[in-house]
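Step one of this worksheet: look at the structure below.
Coordinate-derived values only; no laboratory data. Nothing here was measured: the structure is a model prediction, and the numbers come from that model. Reconstructed Cβ throughout: ideal geometry from the backbone, glycine too, with neighbour counts over all protein chains shown.
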Amino acid sequence: MVPKPDGASPDQAPPKLTVGQRLLTALPNLQRDSAARSAESKRSVATSDGDVVRPDAVIDSVKSGSAASPGSRLRDAFTKPAPAAGARTGAYADKSTDELRHAMKYLDDRERIYPLFIGPLLAILDIVLTLVTLHSNPAVGHKNHVAPSSIIALGAGSAAVALLVVVAAFYRRRSFTIFALLFAGYGGGFVTMIPSWFVAGWLFIRFNRIQKVVVARTGGPAAARQRAAKARADRPARARLGRKDKTPEPAGPSANKRYTPPKPAAGGR
């Protein structure tokens, strides 16, 4: 109980507090509230006997504490985004190794559409660029003049390579299609290089992903060599045809190969 000053009446109102004094008086209340919340969380974690702690209670208390903090929710939203619903662990998890190896060599229906579309487009662009170049070609005698036959030959060759992309995509050969797209991009400069190289890079990235899955399953060329070496070691040794086992010769000095004539008999002529 706080003693009243001398001469103060019991009905006299207490003096008004400033803003700083009000903040100071509010601090102990915050401490008591935090202590009460911590004590309440500890009581919820403990079991009825007070000696054993349930793991699910600890997890629930941690989850509830993180959910109550707006800062932690904001941090988790940026650093730990929620996984998408129905996300698959692997894009090729449902395919066998033989199917993946087949997909490395041949294009599927989705991959086949883009080269079939980009090939005629590149051929049309090459023809249009050839006509534009012929029209803007300077007159004879100008330093930038180019022979029309050279321009036509370059345009026709570029269009032929672009149509080669269609042939490669028709037979679904992945490596052939990628190389055809790379060479077809040179015909019209950046106008044809950007779309053709973009499709070629996309096809190569998909090939690389499939290859990584196959290597992860089989172990790569090193594991194949180890399996082949183990198979050769376990294979029984084949006996050579037409060769008999020879008995080992006794150790000792070798026989003298010099010819010695026989001695004549006693009393002979």
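Tabulated results
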| read-out | value |
| --- | --- |
| Residue-span extension gain [ARG227 to GLN211] - 0.36 nm each, minus C-alpha spacing | 3.8 nm |
| Cβ-derived FRET efficiency at R0 41 Å, ALA160 paired with LYS95, nearest 0.05 | 0.70 |
| Rg over Rh, two decimals, region 134-173 (C-alpha only, Kirkwood Rh) | 1.28 |
| Rh by Kirkwood over Cα pairs, then Stokes-Einstein D for region 162-214 at 0.692 mPa s and 37 °C, µm²/s | 291 µm²/s |
| Sorted peptide list for 159-167, 198-206, criterion being average Cβ within 10 angstrom, highest first | 159-167, 198-206 |
| VAL128 versus VAL167: modelled label distance in nm, points set 7 Å from Cα along the beta carbon direction | 2.5 nm |
| Theoretical gain in end-to-end length, PHE204 to TYR106 [0.36 nm per residue, Cα-Cα removed] | 34.1 nm |
| Residue-by-residue Karplus 3J(HN,Hα) for region 127-142, coefficients 6.51, -1.76, 1.60, Hz, glycine and proline x | 5, 5, 5, 5, 5, 5, 5, 5, 6, 8, 5, x, 5, 5, x, 6 |
